[in-house]
Amino acid sequence: LSSINGFENSKRTALNVYLKEEYKNVIKGDIESEAGYKNRYRQHNYVYNFASKVKLDFISDLNNTNDQSITVQDYLELKRGLESDILNETSSSTTRVDDNVPSFLFSEDDVNKREIQFYSLNFSNKTSKTKKISGYSILNIHNQEEFLNSKQMFFAEENVNVNNNSTIDGTSVFNSNKIKIESKPNDRTYLGYTLSLIYNKDKQNSIIINE
């Protein structure tokens, strides 16, 4: 799709990658499972298949050891990528990423309980010599429980003690999807359709008890 007469596609690079026949239509991957003290666990899976027409790879990461699968930089780049795709099709020259970054990306390792689920699917299907469909889907689910117990002492005519107990249950869901359909009916024509969707939900429940 890169060698199109009279078509200028700035800031993008096209590569022709060839794969040996013995590596096609073979499912390969890696599965890792770990278990540790206090019911700690981690599981990482990676499976891929490069067929002659369909290419597919899947990654999953499940753990409760605070091993983040998505960083703050990953989150911002995914959102910038979506907005830049939209801007390429418009006359606007500015882009913006909101500051509402999910709180789980900044969480420390001193919480009571944390479970992370990460899934990533990437696919490419060359339906014919002139048409191709590709895309990806990323899902990150973060469940977290925090517990804080503190005691405050006020010295006055009558000493006062205040016990603070708070519990915060939080769930964050981040989902990024992109599907791209490309067609090159001849050397002078290129047709492209891109569908992008980002879903983000951050929910927290707090229970505070003061005595």
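Below, the figures for the structure above:
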| quantity | calculated |
| --- | --- |
| Probe 1.4 Å - accessible area at Thr65, Å² to nearest ten | 60 |
| Residues of type lysines that Lys113 reaches as a straight line, Cα spacing below 20 Å, ignoring anything fewer than 8 places off in the same chain | Lys38, Lys201, Lys203 |
| Set of lysines with alpha-carbon distance to Lys184 below 16 Å, sequence-local pairs under 8 removed | Lys126, Lys129, Lys131, Lys132 |
| Candidate residues Lys28, Lys79, Lys38: accessible-area rank, largest first, probe 1.4 Å | Lys38, Lys28, Lys79 |
| Protein-only accessible surface order, largest first, of Arg80, Arg188, Arg114 at 1.4 Å | Arg188, Arg80, Arg114 |
| Accessible area of Lys113 in the full protein assembly, 1.4 Å probe (Å², nearest 10) | 110 |
| The range 141-179 versus the range 185-207: alpha-carbon centroid distance in Å | 34 |
| Those aspartates and glutamates that a straight Cα-Cα span of less than 18 Å connects to Lys79, excepting residues fewer than 8 apart in one chain | Glu89, Asp98, Asp99, Asp202 |
| Solvent-accessible surface ranking, highest first, for Lys151, Lys203 at 1.4 angstrom | Lys151, Lys203 |
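The values are calculated or read from the model by the stated rules, or taken from the named source; none is laboratory data. Everything numeric in this text was worked out from a predicted model, so none of it was measured. Ligands, DNA and RNA are excluded from the accessible area calculation, which covers all protein heavy atoms including side chains. Shrake-Rupley method; radii C 1.70, N 1.55, O 1.52, S 1.80 Å.
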